[in-house]
Amino acid sequence: MASNTKNLAEQRRSANMKTLLMRTEISMVLIIGVLFFAAAFGTKNFLTAYNLTNILKQSAIIGVIAVAETYIIITGGIDISCGAIVGMSTLMVASCQSSGIGIFPSMIVAMVVAIICGVFNAVLVHEFNVTAFVATLGTQTILRGLIKVISNGGTVSGLHKSFTSFASGSTLFVPNLAIIWLGIAVICFLILRYVVFGRNLFVLGSGKEVAKLNGISIRKTTYMAYAFAGLLYGIAGIMLAARINSAVPTAGEGYETNAIAASVLGGASLAGGSGSIMGTVLGTLLIILIDNVGTQFGIDTFIMQVITGCVIVIAIIVDQLKKRSSR
Amino acid sequence: MDDNVLLKIDGIVKTYPGVQALKGITTSINKGEVRALVGENGAGKSTLIKCIMGVETPTEGKIEINCDGKWESPKNAIEAKSFGMQANYQNVNIAKNLSVAENYFLGCLPRTKLGTVDWNQMYESSQKIIDKFQLTVDPRATIESLPIALQAMINISKISINEKVRLVIFDEPTALLENEKVVTLFNYIKELKANGVSVIYISHRLEEIMEICDTVTIMKDGAYVETKNVTEVNKDYLISKMVGRDVADIYNIKHQEPGEELLRVEKLCGNSFVDVSFNLRKGEILGFFGLVGSGRSEVMRAIFGVDKVKGGSVYLRGKKVSFKSPKDAMLSGFGFLTEDRRTDGLALSQSVELNVNIYSYDMISKASIINLNKERSRAEDYREKIGIKTPSIKQCVNNLSGGNQQKVVISKLLCRNPEILIFDEPTVGVDVGAKDEIFKIIENLIAQGKSVIIISSYLPEAMGMADRLVVMAEGHVAGILDSEQLKKVNEEDVLRIASAVYAENNPIVEAV
Ligand SMILES: Nc1ncnc2c1ncn2[C@@H]1O[C@H](COP(=O)(O)OP(=O)(O)OP(=O)(O)O)[C@@H](O)[C@H]1O
Ligand SMILES: [Mg+2]
């Protein structure tokens, strides 16, 4: 009898251990730590100020997009158009500035255009009942076309000096871009935790009928989610323009893969109703880190792409296993 | 020696993170035995069923079924089926967007000589099952389009497809069924028993257990208490063993003298009802009873702004209202608990805490900023008050037992604290002790001058709780019984009103 109770206590402890390891955030911190130390001791260029700031700068832009993508994924949607909206915003801010408009107004223009793109997504998703994947795929294609038309397929340069130097600068050794990223992440975290809108995102992601019957406006929540995501993509586009000091027609291409991957790695489920900002921030870092560490070890970029793909697939499998074991 | 035993359950333990759902259950069931399983919400009944069926793997212990002398242990649902085990789970699990016939033959669609699906035969055979269970449904209808009670019945009748059954398990099959269908089910169980099939039957309605079962196993907090012959026990005995205290007549609550008229519904027409008129007064409990398809839930959905109203009017405190959305209705002081908690009541993937507050975040937030302390304390309060059994309020509601999910839904409506509370099947799957608590809360609500509408397909509840009872039949109000009349009539009388058939020349029918 006594041994039986002890056995139970042990079982419970091991169950607790298991749940701890299952916490996405904690396992990700572990993986990031292992990668970090492997690269720090295994290569000579990894642990340099230059490389570390570079990692942060790269993470910052994807990081902002990924946070917005997480919001959309929580509602049960997905946004394929984020890369294209970023590209559009980059183009807007660059062409405004090159035609002599000031920094601040040019940023406003970029953000407003990005919000309009987000609202367009919401119209398709809500009013016309198009699935998010298809709707945002359409938006993406339209925007990519528009970008080429507006820019005539060429690069737009001639951005203000103070604009681009802010992006390359640091405050207290932390790159300014990374500070913006973390600031946005904190705000988004607080919204999810403290604001009714945040709760509504989760309810909507658990089912439209549930939202409706519980007095939550599906329309308002959908519009707000996509418009807010649009705003963040706009900011990411501005950051990108400042970082590369120009707007190229391909700006932002392929960012959607990384943003979705970062969200999913961070524990968001494409079925909707779950996702965490902390997780997404770590997910972004992990994806950028894998790429960087691979380069440091001299692994072929094509092979790196295969590895990144595998990491995403593994993350999705782990997510599925977790769901199964908790059912 | 074992020859007569069909199923051996040997020391089953099941742990989930933070919960020990089963603490070592050992019992065996004979061939042709109808065994009841009783226990409070969260006692582990459904978990035990899932372990028996191989859907969940027990942490410890073994399940064995006697397949003509060979002892087998099913490792998954498919194996269980091949050993002749069939289960009807608590959460109606049928393919919602397939037709009735397709659901009957899922996984064994009849083929023509050419190898294509033989639709004619499928519909014919389906019609036979439908007739056997006396359902009124087209085998071509998609499940989604049917009322939940009918879905439950189709789920039950599905079992009869398989010829070589040895064991059939019903997990709260009658929770949503009306009297007549309960009789059909019981006849089916008797037929199974006569063919030597064993049955495990779970229900919170103890009188059903007295009627249909041979033996009863009592469980408490995941542990095995005892197994008795039904003839040796009575309801009070079972309750005291399950709950650990005596529960007196649960419907015996203090009613109020109804005040002024709060709600008046005049000649309301909608999807499946016509010319429905009734009124609701302050401090009153208005019962709604009707058979499946009588339109009782639809009337409420229409008033609440979920479905379209086709005619008639609704007056709230003498003022005409028409709600465009549930949110409108909510803000005007209505609270509506739908009958199907899993499709539109609960955000299943979210925590208990969120779901308790889901209906009233506006009440605990300022400028959209939520007061997290209030959010938590409300959830903790209700967990305490009506005994929501969960390791923590952060637990995902999908992991709660059926009855505990229902308690969460009730809490969410109580948090809103509206003037008019509409409960559609409030006590589905809730155990006796908790029912008692819920009715006490309702007693309290009317004492505060709130008005309550209770829709129930369980007559004792509808008659026991209501000040007045609206009986609906085929989309019409067939009669409204006041408290004096309610005292005089018995269940059969009410049933007779509810199954009244409207004459051909009745003008109301022509309007349909
Ligand atoms: N997937 C799961 N994860 C965590 N806990 C679970 C899970 N499934 C069940 N439980 C817990 O196991 C216990 C037993 O649940 P079970 O569903 O077997 O109860 P029950 O006797 O069927 O109750 P009810 O009468 O309410 O249907 C409950 O405390 C429940 O919270
Ligand atoms: Mg159960």
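The values are calculated or read from the model by the stated rules, or taken from the named source; none is laboratory data. Owing to the predicted nature of the structure, the values given are computational and were not obtained by experimental measurement. We place every Cβ from the backbone using ideal geometry, glycine too, and count neighbours over all the protein chains shown.
Miscellaneous remarks
- All positions within the stretch A:36-78 that are part of a loop (DSSP other than H, G, I, E, B), touching a Phe, Trp or Tyr at 6+ places or on another chain (Cβ under 9 Å) and not small (Gly, Ala, Ser): A:THR43, A:PHE46, A:LEU47, A:THR75, A:ILE78
- Failed condition for B:MET363, given (1) at the interface with another protein chain (Cβ under 10 Å from one of its Cβ atoms); (2) farther than 17 Å from A:LYS220 by Cβ; (3) assigned to a helix (DSSP H, G or I): (1)
- Residue within the stretch B:74-84 that is buried (at least 19 other Cβ atoms within 10 Å of the Cβ), within 16 Å of ligand 1 (Cβ to nearest atom) and not β-branched (Val, Ile, Thr) present: no
- Test: residue in the stretch A:289-306 that is buried (at least 20 other Cβ atoms within 10 Å of the Cβ) and under 26 Å from A:THR221 (Cβ atoms): no
- Applying the criterion of being in contact (Cβ under 8 Å) with a residue 24 or more places away in the chain and of a type outside the set (Phe, Trp, Tyr) to the residues of the stretch A:209-227, the residue that is farthest from B:PHE323 (Cα to Cα) is A:ALA227.
- When the residues of the stretch B:29-44 are filtered to those that are small (Gly, Ala, Ser) and surrounded by 22 or more Cβ atoms within 10 Å (Cβ to Cβ), the one that is farthest from ligand 2 (Cβ to nearest atom) is B:ALA36.
- One residue stands out among those in the stretch B:389-404 that are more than 13 Å from chain A (Cβ to nearest Cβ) and not in a loop (DSSP other than H, G, I, E, B): the one that is farthest from ligand 2 (Cβ to nearest atom), which is B:ASN404.
- Number of residues in the stretch B:381-394 that are more than 7 Å from ligand 1 (Cβ to nearest atom), within 24 Å of B:GLU172 (Cα to Cα) and surrounded by 21 or more Cβ atoms within 10 Å (Cβ to Cβ) equals 3.
- Candidates B:LYS158, B:LYS132, B:LYS193, filtered to the one that is touching a Gly at 6+ places or on another chain (Cβ under 8 Å), surrounded by 13 or more Cβ atoms within 10 Å (Cβ to Cβ) and not hydroxyl-bearing (Ser, Thr, Tyr): B:LYS193
- Meets criteria (over 18 Å from B:VAL5 (Cα atoms) and either more than 16 Å from ligand 2 (Cβ to nearest atom) or in contact with a Leu (Cβ under 6 Å, 6 or more places away or on another chain) (or both)) for B:LYS62: no
- Scanning the stretch B:222-240 for residues that are within 18 Å of B:GLU172 (Cα to Cα) and not in a helix (DSSP H, G or I) returns a single hit, B:GLY222.
- Residues being hydrophobic (A, V, I, L, M, F, W, C), under 24 Å from B:LEU421 (Cα atoms) and within 12 Å of another protein chain (Cβ to nearest Cβ) - total across the stretch B:366-383: 0
- In the stretch B:33-76, the residues that are in contact with an Asp or Glu (Cβ under 8 Å, 6 or more places away or on another chain) and either in a strand (DSSP E or B) or among the hydrophobic types (A, V, I, L, M, F, W, C) (or both): B:VAL34, B:ARG35, B:ALA43, B:ILE49, B:GLY61, B:LYS62, B:ILE63, B:GLU64, B:ILE65, B:ASN66, B:TRP71, B:GLU72
- Residue that is nearest to ligand 1 (Cβ to nearest atom), among those in the stretch B:406-441 that are of a type in the set (S, T, N, Q) and closer than 27 Å to B:ASP328 by Cβ: B:GLN406
- The selection criterion, being closer than 14 Å to B:ASN399 by Cα and small (Gly, Ala, Ser), holds for B:ALA43.
- When each of B:THR47, B:THR26 is tested for being at pLDDT 90 or above, within 13 Å of ligand 2 (Cβ to nearest atom) and under 20 Å from B:TYR201 (Cα atoms), the lone residue that passes is B:THR47.
- Taking each residue of the stretch B:456-482 that is in contact (Cβ under 8 Å) with a residue 60 or more places away in the chain and under 25 Å from B:GLY270 (Cα atoms) and looking for partners that are part of a strand (DSSP E or B) and hydroxyl-bearing (Ser, Thr, Tyr) with beta-carbon atoms closer than 7 Å, six or more apart or interchain, yields B:VAL477/B:SER277.
- Flag for B:ILE386 being more than 10 Å from every other protein chain (Cβ to nearest Cβ), under 25 Å from the mean Cα position of the chain (by Cα) and modelled with pLDDT under 90: yes
- Enumeration of residues in the stretch A:79-106 that are surrounded by fewer than 24 Cβ atoms within 10 Å (Cβ to Cβ), out of contact with any Phe, Trp or Tyr (no Cβ under 9 Å at 6 or more places or on another chain) and part of a helix (DSSP H, G or I): A:SER95, A:CYS96, A:SER98, A:PHE104, A:PRO105
For every residue, the table says whether it meets (1) charged (D, E, K, R); (2) at positive phi; (3) touching a His at 6+ places or on another chain (Cβ under 6 Å).
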{"residue": "A:THR222", "(1), (2), (3)": "no, no, yes"}
{"residue": "A:ALA227", "(1), (2), (3)": "no, no, no"}
{"residue": "A:PRO249", "(1), (2), (3)": "no, no, no"}
{"residue": "A:GLU253", "(1), (2), (3)": "yes, no, no"}
{"residue": "A:ILE277", "(1), (2), (3)": "no, no, no"}
{"residue": "A:VAL281", "(1), (2), (3)": "no, no, no"}
{"residue": "A:GLY298", "(1), (2), (3)": "no, yes, no"}
{"residue": "A:ILE307", "(1), (2), (3)": "no, no, no"}
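- Candidate set: the stretch B:370-388, residues that are among the hydrophobic types (A, V, I, L, M, F, W, C) and not in a helix (DSSP H, G or I); chosen: the one farthest from ligand 2 (Cβ to nearest atom): B:ILE370
- Filter result (buried (at least 18 other Cβ atoms within 10 Å of the Cβ), within 12 Å of chain A (Cβ to nearest Cβ) and among the aliphatic types (A, V, I, L, M)) within the stretch B:308-338: B:ALA329, B:MET330, B:LEU337
- Any hit, the stretch A:137-152, residues being part of a strand (DSSP E or B) and either on the phi > 0 side of the Ramachandran plot or buried (at least 17 other Cβ atoms within 10 Å of the Cβ) (or both): no
- Test: B:LYS440 is within 16 Å of ligand 2 (Cβ to nearest atom) and under 30 Å from B:ALA498 (Cβ atoms): no
- For the stretch B:165-218, filtering for residues that are part of a helix (DSSP H, G or I), in contact (Cβ under 8 Å) with a residue 12 or more places away in the chain and among the polar types (S, T, N, Q) leaves 3.
- Meets criteria (within 14 Å of chain B (Cβ to nearest Cβ) and at pLDDT below 85) for A:ALA9: yes
- There is no residue in the stretch B:294-307 that is surrounded by fewer than 20 Cβ atoms within 10 Å (Cβ to Cβ) and farther than 21 Å from B:GLU266 by Cβ.
- Hey, A:VAL203 touching a residue at least 12 places away in the same chain (Cβ under 8 Å), more than 21 Å from A:ALA66 (Cβ to Cβ) and within 14 Å of chain B (Cβ to nearest Cβ) or not: yes
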